[in-house]
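Beneath this line is the structure, given in structure tokens, with notes to follow.
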Amino acid sequence: MDLLQKAADSTLLLDFSMFAAQLFKRIVVLCMLITALGWPCQIQALTIGEERLIGQKILYSVRRDLRILDDPDISRYINRLGAQVLQVVGPQYFDYRFHVVKSEQFNAFAAPAGMVFFYSGLIEAMHKEDELVSVLAHEIGHVASRHLAQRLDKGTKVSTASLLLGLAGLALGVPGLSQGLLTGSLAAGQAINLRYSREDEEQADRLSFGWMLEMQRDPEAMKDMLRTMRRITRYRMGDVPQYLLTHPNPEARLSYVESLLELKAQKTAAPAVKKTDNFAFLRFRYRVLSQTTDLDRLRQYCTITLAQDKDADVQRMARFGLALIEAENRRFDQALEHLAIVQEQYPAEDILKVDQAVILQRAGRLNEARAILEPQVRRNPSDIYGLFQLAKVEAATGNTARAETLLQQVAQAMPEYPQVYFELGRIEANRGADGVGIFYLGKYYLYQGEEDLAVQNLKRARRDTGVPEKMREEAGQILAELEHINKET
């Protein structure tokens, strides 16, 4: 069906896409009200509680089998972007969490209960922030619509273990499970189709299109991203990217999004689109790639971009990529030279000063790093990236009390960041508080996905009477939660 015919099928399509987010908000609020009054509102296959348990178990599986980039700077950016989308989505049943995974796969995956994973291979294929927002909003659309939950028939006795295995296969790209179809010992000879249907994809695209308009983001980015997906599919010649196994038929999605864009162009009262500043996205992208890709290949890309790209921001930030590459190769003077040029071009971006301090800290120039980080943290005490780096400097110079205070602030803001517990455990072990160090080591292993080691250390901490009562109680609560998750799933 051509674009004009598809557009003609519904003259109200654009209007719906533009107010879909508002309608969705009202539905969720109404459903919450009905639930609060005790009236039945259970139309999905999984209960909210069941979905939360499965989502938590999937997070443990991903942490065990893949490397999540928990860096406070990377985590802060992706979660702030997600929060911007959720502001227009409206009330939700889940606390969404957005994670970046080290993997060359072209993939993103929304697990139950608002666990959304973006693979570094997908981020590498993006060029601007609105493209990332379009994929992020699309995944939120699937979670908000509970598409995976609705795949299950309550009348079918499906083992949760089998469901988890299938979901983990989709998230991790396990061969044999990556076709998006889980078969197992299911009642009535049925199978769970874990791939999104065309209708699911259209609904998620329709919602994300409306949300992007409400955010004054450029929905053309949806088309650009789908064209990238189509190009990658053709380039791989049969090796279908993991993302397209769960999000099939990019051609149909592209056609649908183009029809939405065409209808938008016909509307004289269409919302204005603001030009997005891509500095933060480009910096985020290079920080991800410097930790996940081959540095020689990244250097070649940055060098070509610096010499040839006509977009000023893209060209300038390629030098930022070179600074990160030099730092990873421990050529700190060259890294600082590249970064100094970027700082001259973006004098208002204080985050670059933190980047400078990180390089100085890695070079052993701790006093210089502290001199930069102290005023940054005073000026922006919510900058977890800066707080964590200052804590590392203080610990390295023997100021363990200050380091511990800063690390506790980081732990409060990012309670699932494993490295903060490693640093706290090291401080406690060095001062002879072995039991407390074991407690923190247990939490470190927990959020690293090493559940057996986490349980082992937390049990030791709970039995140790030298450990403060509050920590022993927390260890017991974590152990009880793990037991409950494993029992129920």
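The values are calculated or read from the model by the stated rules, or taken from the named source; none is laboratory data. Just so you know, these numbers come straight off a predicted model, no measurement behind them. Cβ placement follows ideal geometry from the backbone for every residue including glycine, while neighbour counts extend to all protein chains displayed. Side chains are part of the model used for accessible areas, which takes the heavy atoms of the whole protein and leaves out ligands, DNA and RNA. Shrake-Rupley method; radii C 1.70, N 1.55, O 1.52, S 1.80 Å.
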Identify, please: which residue in the range 219-246 is among the β-branched types (Val, Ile, Thr) and not in a loop (DSSP other than H, G, I, E, B) and is, among those, modelled with the lowest pLDDT? Thr246
Subset of the range 198-225, residues surrounded by 23 or more Cβ atoms within 10 Å (Cβ to Cβ) and touching a Leu at 6+ places or on another chain (Cβ under 7 Å), comes to Phe209, Pro219
Pick from Val455, Val377, Val410, Val420: which is among the aliphatic types (A, V, I, L, M) and more than 29 Å from Ile58 (Cβ to Cβ)? Val377
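Quick grid of which residues meet (1) open to solvent by 40 Å² or more (accessible area, probe 1.4 Å); (2) in contact (Cβ under 8 Å) with a residue 12 or more places away in the chain; (3) closer than 23 Å to Pro415 by Cα; (4) in contact with a Leu (Cβ under 8 Å, 6 or more places away or on another chain):
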site: Arg331; (1), (2), (3), (4): yes, no, no, no
site: Glu344; (1), (2), (3), (4): yes, no, no, no
site: Leu352; (1), (2), (3), (4): no, yes, no, yes
site: Ile372; (1), (2), (3), (4): no, yes, no, yes
site: Asn380; (1), (2), (3), (4): yes, yes, yes, no
site: Asp383; (1), (2), (3), (4): no, yes, yes, no
site: Gln389; (1), (2), (3), (4): no, yes, yes, yes
Residues of the range 384-429 satisfying the condition of being of a type in the set (A, V, I, L, M, F, W, C) and under 24 Å from the mean Cα position of the chain (by Cα): Ile384, Leu387, Phe388, Leu407, Val410, Ala411, Ala413, Met414, Val420, Phe422
Looking at the range 131-152, is at least one residue small (Gly, Ala, Ser), at pLDDT below 80 and over 28 Å from Pro219 (Cβ atoms)? no
So the strands (runs of 3 or more DSSP E) completely within the range 62-119 holding 2 or more residues that are in contact with a helix residue (DSSP H, G or I) (Cβ under 7 Å, 6 or more places away or on another chain) and small (Gly, Ala, Ser) are 108-111
The condition from (1) closer than 19 Å to Ala401 by Cα; (2) open to solvent by 50 Å² or more (accessible area, probe 1.4 Å); (3) at pLDDT 95 or above that Asp434 misses is numbered (3)
Within the set of pairs 6 or more residues apart or between chains, which connect a residue that is modelled with pLDDT of 95 or more inside the range 403-416 to a residue that is open to solvent by 30 Å² or more (accessible area, probe 1.4 Å) with Cβ atoms less than 7 Å apart? Ala403/Ala395
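Could you tell me which of the residues Leu407, Leu453, Leu424 is surrounded by fewer than 16 Cβ atoms within 10 Å (Cβ to Cβ), within 21 Å of Ile68 (Cβ to Cβ), touching a helix residue (DSSP H, G or I) at 6+ places or on another chain (Cβ under 6 Å) and of a type outside the set (Gly, Ala, Ser)?
Going through Leu407, Leu453, Leu424 in turn, just one is surrounded by fewer than 16 Cβ atoms within 10 Å (Cβ to Cβ), within 21 Å of Ile68 (Cβ to Cβ), touching a helix residue (DSSP H, G or I) at 6+ places or on another chain (Cβ under 6 Å) and of a type outside the set (Gly, Ala, Ser): Leu453.
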